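Heads up: the structure comes next, in structure tokens.
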Amino acid sequence: MIILGIESSCDETAVSIVKDKKEILASIVASQIDVHKEFGGVVPEVASRIHVENISYCIEQAFSQANMTMDDIDAIAVTKGPGLIGCLHVGVQAAKTLAFAYHKPLVPVHHLAGHIYANELVVDLEFPVLALVVSGGNSELVYMKDETSFEILGQTQDDAIGEAYDKVARVLNLGYPGGPKIDKLARQGKPVYALAKPKTQGKYDFSFSGLKSSVLQFVKRQERLNQTYDMADLAASFQETALNEIFDKVKAVLNDYPDIKHFVVGGGVSANSRLREKIEELKPKYPNVTFTVPPMSCCTDNANMIAVAGEIAYKAGRRADASLTADSSWEIQ
Ligand code: KG4
């Protein structure tokens, strides 16, 4: 099957054409990072306006890259939610227009399912799957007994991990998006500073807001006392505490659910080099589990993953008509 995927849930306008869940025939991503970094984060109204400006051109570019026309497309998959509502609407309206004009099936896709199914680009998932979704808007542990069932075992009780990376980077004046910058800086430091260890009620839930405040308080205290500190050590201390919070919960689930066959990760933070090292460290402890990380190009938002998730949803019978609308808080379960 050849699927046209459209993604516009946050600050990337992305359009892809993917064949049989594995072959990327075209992948266009128009990132708005340069605009939003002036503000230290995504400005929703600005983001949706830029999506409007970019979407037609991205679609045109995708067809040109694949050397195809709408006649070659079997179905159109689009992110319905969750995300920024004004942004989502742009992708949904574009997908609906194409589906109506060219009489193509329209498939709504959940953004997190997209992040999970980015892994299908490199390997076939073996069920039951444990998926860790770590991005700017999400931190979730999802148990999938089969291709279309998603059970949230744990999730953040406050900030998403990517949001915490971005906010800590702002405290350290590193710029936006903070994740890649902290990742790089932390490699030159050691996790020597003791920061607040997150506490949660749910056994598999996460929390990052206290940790973020702990970094801020540390910086303020050092400034008040006129004492210097090592930025790289602070970045490493934050990163290690945040990732330990994630991996403590991952291990708890893997221990409690011995039926899990495959562990996958998705979302922007899955590009993190220390997170990838920690996955390597985990592998020998769970020899019956296959561990997969998506290709770097498919970690942050893209439409390849939406096309792949779209093919799976299409084959499971999911369709939408002209009444399809965006849903900023669409539940995955
Ligand atoms: O998946 P994504 O593009 O957007 C959402 O769906 O939220 O993720 C963006 C997030 C940002 O918070 C960014 O700082 C973070 O992913 N990120 C990273 C890295 N690369 C991107 N965080 C940690 N380390 C990285 N290397």
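Here are the numbers for this structure:
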read-out	value
Counted residues, region 1-41 - those being hydrophobic (A, V, I, L, M, F, W, C) and within 14 Å of the ligand (Cβ to nearest atom)	5
Within region 283-308, considering residues that are assigned to a helix (DSSP H, G or I), modelled with pLDDT under 95 and not small (Gly, Ala, Ser), the one surrounded by the most Cβ atoms within 10 Å (Cβ to Cβ)	Cys298
Residue list for region 170-185, restricted to those being surrounded by fewer than 24 Cβ atoms within 10 Å (Cβ to Cβ) and not in a loop (DSSP other than H, G, I, E, B)	Arg170, Val171, Pro180, Lys181, Asp183, Lys184, Leu185
Failed condition for Arg276, given (1) within 16 Å of the ligand (Cβ to nearest atom); (2) of a type in the set (Lys, Arg); (3) touching a residue at least 24 places away in the same chain (Cβ under 8 Å)	(3)
Conditions (1) free of Cβ contacts under 8 Å to residues at least 24 places away in the same chain; (2) closer than 21 Å to Cys298 by Cβ; (3) not hydroxyl-bearing (Ser, Thr, Tyr): number failed by Asn67	(2)
Extreme residue, nearest to the ligand (Cβ to nearest atom), among residues of region 177-202 that are among the charged types (D, E, K, R) and within 21 Å of the chain's Cα centre (by Cα)	Asp183
Residues (among the hydroxyl-bearing types (Ser, Thr, Tyr) and more than 15 Å from Ser139 (Cα to Cα)) located in region 242-286	Tyr257, Ser273, Tyr286
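The values are calculated or read from the model by the stated rules, or taken from the named source; none is laboratory data. The shown structure was predicted, so the numbers you read here are calculated from the model rather than taken from an experiment. Cβ coordinates were reconstructed from backbone atoms using ideal geometry, including for glycine residues, and neighbour counts include every protein chain displayed.
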